[in-house]
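The values are calculated or read from the model by the stated rules, or taken from the named source; none is laboratory data. Being a predicted model, the structure only gives us computed values, none of them experimental. Cβ: placed from backbone, ideal geometry, glycine included. Neighbour counts: every protein chain shown. These accessible areas exclude ligands, DNA and RNA; they are computed on the full protein's heavy atoms, side chains included. Shrake-Rupley method; radii C 1.70, N 1.55, O 1.52, S 1.80 Å.
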Amino acid sequence: MTAFARRALPALALGLAGGPALAQPRQLLNVSYDPTREFYREFNAAFARHWQERSGQAIRISTSHGGSGRQARAVIDGLAADVVTLALAYDIDEIAARGLLARDWQQRLPHNSAPYTSTIVFLVRQGNPKGIHDWGDLARPGVAVITPNPKTSGGARWNYLAAWAWARRQPGGSDGSAAEFVTRLYRNVPVLDTGARGSTTSFVQRGQGDVLLTWENEAHLALQEFAGARLEIVTPGLSILAEPPVAVVDAHADRRGTRAAAEAYLQHLYTPEGQGLAAKHHYRPRDPVALAAARPRFPALEFVTVDADFGGWQAAQRMHFADGGSFDRIYRPGR
Amino acid sequence: MSAATEDPPWLRRLLILAVVGLLGLFLLLPLVAVFTEALRRGWAVALAALADPDALSAIRLTLLVAAIAVPVNTLGGIAAAWCIAKYDFPGRRLLTVLVELPFAVSPVISGLVWVLLFGAQGLFGPWLQRHGIGIIFALPGLVLATIFVTFPFVARTLVPLMQAQGREEEEAAATLGASGWQVFRRVTLPNIRWALLSGVLLCNARAMGEFGAVSVVSGHVRGETNTMPLHVEILYNEYQFAGAFAVAALLALLALVTLGAKALLERLGGRRMGGAL
Amino acid sequence: MAAASTGSTVLAAEGFFPRLRLAPRSAIPGFGLGFGITLAWLSLLVLIPLAALVARPWELGVAGVLGVVTEPRVMAALRLSFGAALLAAAIDLPGGLLTAWVITRYRFPGRRLLDGMVDLPFALPTAVAGIALTALYAPNGWLGALVEPLGLKLAFGPAGIVIALAFVGLPFIVRTVEPVLRDLSPAAEEAAATLGATRLQTVTRVVLPQLAPALLTGFALAFARAVGEYGSVIFIAGNMPMVSEIAPLLITVRLEQFDYAGAAAIGLAMLVIAFLLLSLLGLLHRHIRWARL
């Protein structure tokens, strides 16, 4: 291939596409997961202002949203993300395993590279007609539970692990009793959507199910977006501490010369402005001041973590979500 | 007309009513639902959703992808139909099956094959990356996936017609010393032009509406690699249902215009072809 | 139409078997260019990409590929995808025939509108169709609410899948049957009438047999289109493993586990089964045509 074609082909392709990438010299691509759309839309504008003041450069931040696994796969397949902000560390580990960023990426930013956290709560119909208060109620006969497929949705994996951890912490609980509990729970699931947003739509718009297992931030957003739908949030006594991590994709940022901006972008998430915006969009901020300010929305509860209770994401993935894992065994015929 | 070649009037009415009911409930109602949902919050919201810069860029991208994919499949489709209908050669039936094969391939696979070829982990991925050429998650990937999905439409419309028209006219022209190109341009093309146009229109409608395949190769970057169907999904996932259905309604409207044009062409074509058949 | 093509059809039927002569048996020049374009178009845009799909799974080894494909969940999904597609195409058969009959044989106000409506599923983007169908057939949708008191559940189950697939497949039957029906010569029907056949006998003994090849082609097309359908199904299916999970969804699931080879293995299995079924229908088609000649 000649030098001309090397330059001309992509230029031609971009030119045909309307050429936003060529017209804007400074550009960051943030590849994120589903429920962060509203938060990053506001945060991107805030960071662009901040960056303009600091460096005098205009910057344009594009975002791509979708299921966490699908987004990680897109980056692995060549989507030129400067930063990834995904639902779980496992997905970024997979990107790192392909050599696109350092393996110790999670040590590069404070709090395990997770600038905000969330947890899994229940969304029920107004008045809580089925009397759902804790995880045990989800496996009762006659309760229909809506949750997405853990194979395709990062959020659903947190749901699954939270239910498992709760069952194991019950008196006399073990991995065996936990498996039995989640099996009964998933027997109550009538629709298994591919993503968190699909599940919310099934629950709210289509009237499926009695309870939706979802991110705390998604539950608050649903209350806000579907004001007429008459919903209530039930926070269980114990749930999982979900830590959605962020990272600069070294290979792409270095090639595109965007490292400085990409690092500043992620660091800005930890500033009071970033933390305040996270809280505004119902993510639990790490900053104690911001958390205290938003306290009524974020009731205290007991947290389990993937690292302490499941030995980290690699182990959890192998045991529960890989082929033949505990989730697959739920749907094995003859049970 | 006797009782054996005409259906009795009561039966006619019954059958017409049955078809109106079937098509109305089964085909028309979903379309009505799209427009109802789009206008649920009024025209202002629907139009605002269409005027959004991201929506405009999705519209532009969709039209551009179709503008590249449809001519490619038109040229190939004509050539394939010409070979299949006008010549006998070993493997002709195999060729027919292969041309129709993309119909039977799931759209997900239609996207996947290009990822396997040109993705960073694919066959040519590392080479493409070294040279800074983007195919997947850029315009070329969207075009390739769309071409794959709409591949058989033109050939599929032309083959039965060209077979039915037989070869006598072409053979006569050839005997009179016309070259292959002249035979095609002067004899075959005038005979098939209306069917060709309607095949092209169908191909175009499908190209604009494709979702599964482009979803695999798009990367979903707002304002850059989102086509209209993907933009519908994005808005839907942002709970902007009115906006999602507004874009969907625009897509449906484009499809309806296409169908209208096709019906018009068939009427014109029907009149002209009447003499030939 | 049938009469005009009889001569070439017989030759065409033999075309499948390789003959020694490579040059086409035709008096028309220009085969080379046309064939060249066709081959380039077909191989660059379909065959090479599909070859990549066919080559990929074998890094798992033969046993690995068989292991993926014979997994109970994959088998259930393949059964569902092919079963629902066959059922949907079978449902479309009478509906499509009836529609084709009415719009070609009868003259009534609104006929053109009806005719145009047939192509709607061709033109409506699949994702839009999926969302619209789900909104209609969900238990709180316009149609779902009607049948809910009867205890029928349409959306979020296998029934929803069949509805979506029948929706995308219907135009294929109508559009393949319609031209044949239009071109049928009235002579045969008149002859039957003269010989004292009732209308029902004329239709079942004279008209239907002549439509059989077109019906079969339409069935094959509707089926082929339905097998791989994704966009319109995924919203309405419910996606429960072993019950309402379609094979294309399992491909997506594999991809999201970064298992490219496994995804390609399921894709390959779908391709092989579809190819075999379509070839079978092709053979049946030839058989019917031969029987008629």
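Residues of the range B:163-188 buried by at least 50 Å² of accessible area upon assembly of all protein chains, compared with the chain on its own (1.4 Å probe): B:Ala164. In this label model, A:Gln107 and A:Ser55 are separated by 2.7 nm, measuring between points 7 Å along each Cα→Cβ vector. Distance between the C-alpha centres of the range C:148-224 and the range B:103-131: 39 Å, rounded to the whole angstrom. Counting Cβ atoms of other protein chains within 10 Å of each Cβ in C:243-251 and taking the mean gives 4.
Taking both sides together, the accessible area buried where A meets C is about 2300 Å² for a 1.4 Å probe. Relative to the longest principal axis of the Cα atoms of chain A, the long axis of helix A:37-55 makes an angle of roughly 30 degrees.
The lysines whose alpha-carbon is closer than 25 Å to the alpha-carbon of A:Lys130, local same-chain residues fewer than 8 away aside, are C:Lys153.
For the range B:1-75, what class follows from the C-alpha gyration tensor (a ≥ b ≥ c being the square roots of its eigenvalues): rounded when a/c is under 1.5, otherwise prolate if a/b is larger than b/c, else oblate? In terms of gyration-tensor shape, oblate.
Accessible area buried by the pairing of C and B, both sides summed with a 1.4 Å probe, works out to roughly 8900 Å². Taking every alpha-carbon pair under 8 Å whose residues sit at least 6 apart, the range B:42-273 reaches a relative contact order of 31 percent.
Report, to the nearest whole %, how much of the accessible area of the range B:59-162 belongs to carbon and sulfur atoms, 1.4 Å probe, protein only.
Values: 1880 of 2630 Å².
The value for the range B:59-162 is 71 percent carbon and sulfur by accessible area.
Given R0 = 30 Å, the distance between the Cβ atoms of B:Leu17 and C:Arg79 translates into a calculated FRET efficiency of 0.20.
On the basis of the beta-carbon distance and an R0 of 60 Å, C:Leu276 and B:Glu6 show a calculated FRET efficiency of 0.90.
Does chain B come out rounded, prolate or oblate, given a ≥ b ≥ c as the square roots of the eigenvalues of its C-alpha gyration tensor, rounded meaning a/c under 1.5 and, failing that, prolate meaning a/b above b/c?
On the way: a/c = 2.28, a/b = 1.19, b/c = 1.92.
Taking the square roots of the gyration eigenvalues as a ≥ b ≥ c, chain B is oblate.
Each Lys and Arg Cβ is given +1 and each Asp and Glu Cβ -1; about its Cα centre, the protein assembly as shown then shows a dipole of about 1660 debye.
How high is the FRET efficiency from B:Leu75 to C:Leu195, r the C-beta distance, R0 60 Å, rounded to 0.05?
Values: r = 51 Å, r/R0 = 0.85.
Taking R0 as 60 Å, the efficiency between B:Leu75 and C:Leu195 is 0.75.
Note on the range B:179-256: Kirkwood hydrodynamic radius from all Cα pairs is 14.9 Å, rounded to one decimal.
State the percentage of accessible surface on chain A attributable to carbon and sulfur atoms; use a 1.4 Å probe and exclude ligands, DNA and RNA. Spell out each step's value before the answer.
Values: 6470 of 12120 Å².
Result for chain A: 53 percent of the exposed heavy-atom area is carbon or sulfur.
For the range A:287-335, the set of chymotrypsin sites (Phe, Trp or Tyr not before Pro) satisfying both a DSSP loop assignment and a count of at most 10 other C-beta atoms within 10 Å is empty. May I ask for the longest run of chain C untouched by trypsin sites (Lys or Arg not before Pro) that are loop-located per DSSP and have at most 11 neighbouring C-beta atoms (other than their own) within 10 Å? In short, C:108-293. Only alpha carbons enter this Debye calculation for the protein assembly as shown, each as an equal point scatterer, and the log10 of I(q)/I(0) it gives at q = 0.10 Å⁻¹ is -1.14.
Counting only protein heavy atoms, what percent of the accessible surface of chain C is carbon or sulfur at a 1.4 Å probe? Write out the running numbers ahead of the final one.
Details: 8350 of 11450 Å².
Of all accessible area on chain C, carbon and sulfur atoms account for 73 percent.
The Cα atoms of chain A give a gyration tensor whose axes a ≥ b ≥ c have a/c of 1.5 or more with a/b greater than b/c, which makes the shape prolate.
Using only Cα atoms, find the angle between the long axis of helix A:154-169 and the longest principal axis of chain A, and express it within 0 to 90 degrees, rounded to the nearest 10. So the inclination is approximately 40 degrees.
Averaged per residue, the protein assembly as shown has 37 square angstrom of accessible surface, using a 1.4 angstrom probe with ligands and nucleic acids left out.
With Cα atoms defining each centre, the range A:23-91 and the range C:94-143 are spaced 42 Å apart in the structure. Using C-alpha pairs under 8 Å with a sequence gap of at least 6, the mean separation divided by the residue count of chain A gives a relative contact order of 22 percent. Ranking C:Ala84, C:Leu181, C:Gly157 by how far each Cα lies toward the positive end of the dipole of the range C:65-292 (charges on Cβ) leaves C:Leu181 at the top. Extents of the range C:65-292, largest first, come to 67, 43, 30 Å (Cα atoms, principal axes, whole angstrom).
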